[in-house]
Amino acid sequence: MKGNEAIAEAAIIAGCRHYFGYPITPQTEIAAYMAKRMPKIGGCFLQAESEIAAINMVYGVASTGHRVMTSSSSPGVSLKGEGLSYLAGADMPALIVNVQRGGPGLGGIQPSQSDYFQATKGGAHGDFHMIVLAPASVQEMADLTVKGFELADKYRMTSMILADGTMGQMMEPVSLDFDVKPAPEKPWATNGTNLEREHNITNSLFLSPEKLEEENFKRYERYKVIEENETMYEEYMMEDAEICVTAFGIASRVAKNAIDEARKQGIKVGLIRPITLWPFPVAPFKKAAEQVKGIISVELSMGQMIEDVRLASECKVPVTLCNRAGGMIPSPEQVLEAIISMNNGGAK
Amino acid sequence: MEYKRITLLCGHYGSGKTNIALNMAYEIKENYDNVAIADLDIVNPYFRTKDSAEELKEKGIRLIASEYAGTNVDIPALPQDMYSLTDDKTVKAVIDVGGDDRGALALGRISPKIMAENDYEAFLVINKYRPLTPDVASTLEVMAEIETAGSFKFTGIINNSNLGVQTTAEDVLNSLKYAEDVSKATGLPLICTSVNKTLFDELCGKIDNLFPLKLQKKIN
């Protein structure tokens, strides 16, 4: 199935019965799929009048404790910014999908990874994070959607699937055999008091600065727990690597091809593929920095993840960028060239 | 295969219509001079006939596609020379219709003329391995939606059940009962089972009317 369809079906399997969205290429298949499936399973599909309306509908359903999602692509996610911040301020669990396209502005409709900063550094105003998951196959589009809902509920926060146009459009076989953890109890949900308790309120407005500060500190304590427990990454041929390539999503597939070719040429090179972009997998880079002579960050952007790579490797080895932007994808040959160049001492 | 003047290919989106359309156009061209292929898919701007424009040109097959196809301009505009398909009766055409009822809606613009001329086949392309058409009931539902949106009736079924590059001969064999059941339920003949040509030798003799496909190159 298509990457976008895999997200939609996995969300349904994860128990999501509420989808609100607004069409934008290259993620529209998610909405189209939900429009067909939701009415048949007693769920709610609603094409909102705008991205802002859609994200606020997500806030509404999240407040009631039900699993809920929206999806969009880059410019649409920018429009949702206010809602993302409100969800964070009210500690609401929800799943947001961003099938990225080239930017800035309206940009283009071809794949990109240039919303990395937006996704991992908050995505809107205020101190907050989202858990950001970066799939690199159609199977992972499904797997991480289920995982995204589980993490969102576990930590009362928003998860984001950060995919790109390629991941959304490509077709691969998928197994949808999931053992979904049921949603935890949500005593905070505004789902009716049944005259047995006080009213619950979900809210992101705290006029007392002391109270607002306290909420922020509490939230960041939770973020520490997530950083310690939920970081995910894949290592490929890193055991004896003298050069480290790093990439996420579609770029990691290109990088793997280049690594296989470089290995054939006798170059000891491996890959670190972050799966969670926030929390960023610091540990493998820290370790790699003691082992390799340099790191190459392969990105479909002007270089965004590279900043986290430099921080994680504590600038102990040179970190170079191998990139295309604006909807273009680096070729395996381009990545191979970067690897050969670094192997020949060409790293700056 | 014998071809009528117009061959329509419709189906659930992602069922493989574009690849079949291209291969049918190539086959018609072997015995007939004036051949056109029309890409009426104005819903999905990514994977489409226009990606094969060069190969079609080499073979002398006229491509009718939206001016915006492949330009990344996300505008659902129909190709202006679409009307030549029904006005020029000397052309043999394959029409690659967009997926589902949403895609077939565009066909409604010319389907009354195609029906009136009555020299056409309309094939429903089915793929058991697509998530929304895994069984007969769901396939019939999609079929009815397409017929309503496009204002036409299907005349045959093409079984294109596949799992992309990972398709095995066994996957194809396991889809035969489904295809026959769809054929029975609709009363429409099963025209052929289309497979990647790499599987053709393995399946030859095991399936009636096997149609080998040379797959369109996907864009990187």
Given charges of +1 on the Cβ of Lys and Arg and -1 on the Cβ of Asp and Glu, with all other atoms neutral, how large is the dipole of the protein assembly as shown about its Cα centre, in debye to the nearest 20? 240
Qualifying lysines (Cα of each under 22 Å from Cα of A:Lys154; at least 8 residues distant if same chain): A:Lys121, A:Lys181, A:Lys186, A:Lys218, A:Lys224
The local net charge around B:Leu199, scoring Lys/Arg +1 and Asp/Glu -1 for residues other than B:Leu199 whose Cβ lies under 12 Å from its Cβ, equals -2
Taking the Cβ of A:Val180 as the centre, find all other residues whose Cβ is under 15 Å away and add up their charges (Lys, Arg: +1; Asp, Glu: -1). -1
Whenever you get a sec, line up A:Leu311, A:Leu79, B:Leu210 from highest to lowest accessible area (probe 1.4 Å, protein heavy atoms). A:Leu311, A:Leu79, B:Leu210
Would you tally the net charge around A:Leu207, using a Cβ to Cβ cut-off of less than 15 Å, leaving A:Leu207 out, and scoring K and R as +1, D and E as -1? -3
Taking a label point 7 Å from the Cα of B:Ala169 along Cα-to-Cβ, the residues of region B:114-133 whose backbone nitrogen sits under 12 Å from it are none
Between region A:24-102 and region B:175-205, what is the separation of their alpha carbon centroids in Å? 39
Residue-normalised 222 nm signal for chain A, counting each DSSP H run of n ≥ 4 as -39,500 (n - 2.57), nearest 500 deg cm²/dmol, is -12000 deg cm²/dmol
Row for chain B, column shape: gyration tensor on C-alpha, a ≥ b ≥ c, rounded if a/c < 1.5 i.e. under 1.5, prolate if a/b over b/c, else oblate; value rounded
Find, to one decimal place in angstroms, the Kirkwood hydrodynamic radius of the protein assembly as shown, where the mean of 1/r is taken over every pair of different Cα atoms and then inverted. 25.4
Springs between alpha-carbon atoms under 10 Å, Gaussian network over chain A: tell me which of A:Val132, A:Val225, A:Val309 tops the mean-square fluctuations. A:Val225
Please give the average number of partner chain Cβ atoms lying within 10 Å of the Cβ of each residue in A:30-40, rounded to a whole number. 2
For B:His12 the rounded accessible area (nearest 10 Å², probe 1.4 Å, non-protein molecules ignored) is 10
Simple label model, 7 Å out from Cα along Cβ direction - B:Asn118 to B:Glu58, nm: 4.2
Partner chain Cβ atoms within 10 Å, averaged over the residues of A:163-176 - can you pull that number for me? 3
What ranking of B:Tyr13, B:Tyr68 comes out by heavy-atom accessible area, probe 1.4 Å, highest first? B:Tyr68, B:Tyr13
Specify whether the C-alpha gyration tensor of region A:85-216 places it in the rounded, prolate or oblate class, a ≥ b ≥ c being the square roots of the eigenvalues: rounded for a/c under 1.5, otherwise prolate if a/b is larger than b/c and oblate if not. oblate
At a 1.4 Å probe radius, carbon and sulfur cover how many percent of the accessible area of region A:234-343? 51
Give me the accessible area of B:Arg109, 1.4 Å probe, in Å² rounded to the nearest 10. 150
Report the paramagnetic label zone for A:Leu212: residues of region A:125-143 whose backbone N is under 16 Å from a point 7 Å from Cα along the Cα-to-Cβ axis. A:125-128
Summing -39500 (n - 2.57) over the DSSP H runs of n ≥ 4 in chain B and dividing by its residue number, what mean residue ellipticity at 222 nm do you reach, to the nearest 500 deg cm²/dmol? -9500 deg cm²/dmol
Accessible area, probe 1.4 Å, largest first, for residues B:Ser151, B:Ser175: B:Ser151, B:Ser175
Sequence-distant residues sharing a close amide H with A:Ala94 (under 5 Å, placed H): A:Met157, A:Thr158, A:Ser159
With x for Gly and Pro, the residue-by-residue ³J(HN,Hα) of region A:95-109, computed from phi through the Karplus equation 6.51 cos²θ - 1.76 cosθ + 1.60 at θ = phi - 60° and given in whole Hz, is 10, 10, 10, 10, 8, 5, 10, x, x, x, x, 5, x, x, 10
Using a 1.4 angstrom probe and counting only protein chains, how large is the accessible area of A:Glu227 in Å², to 10? 90
Show me the ranking of peptides A:281-287, A:204-210, B:14-20 by mean Cβ neighbours inside 10 Å, starting with the highest. B:14-20, A:281-287, A:204-210
What distance in nm separates the simple spin-label points at A:Lys181 and B:Glu141, each placed 7 Å from Cα in the Cβ direction? 3.2
Compute, for region A:234-343, the length of the dipole vector about the Cα centre, with Cβ point charges of +1 (Lys, Arg) and -1 (Asp, Glu) only. Units Debye, rounded to 20. 20
For chain A, with a Gaussian network of springs between Cα atoms less than 10 Å apart, report the residue from A:Phe149, A:Phe45, A:Phe248 with the top mean-square fluctuation. A:Phe45
Please find, in a Gaussian network model of chain B (springs between Cα atoms separated by less than 10 Å), the residue of B:Asn127, B:Asn196, B:Asn160 whose mean-square fluctuation is greatest. B:Asn196
Among bridges DSSP assigns within the protein assembly as shown, what percent are antiparallel (round to 5)? 10
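The values are calculated or read from the model by the stated rules, or taken from the named source; none is laboratory data. Everything numeric in this text was worked out from a predicted model, so none of it was measured. Neighbour counts are summed over all protein chains in view; Cβ atoms, including those assigned to glycine, are modelled from backbone coordinates with ideal geometry. For accessibility, only protein heavy atoms count, side chains too; no ligands or nucleic acids. Shrake-Rupley method; radii C 1.70, N 1.55, O 1.52, S 1.80 Å.
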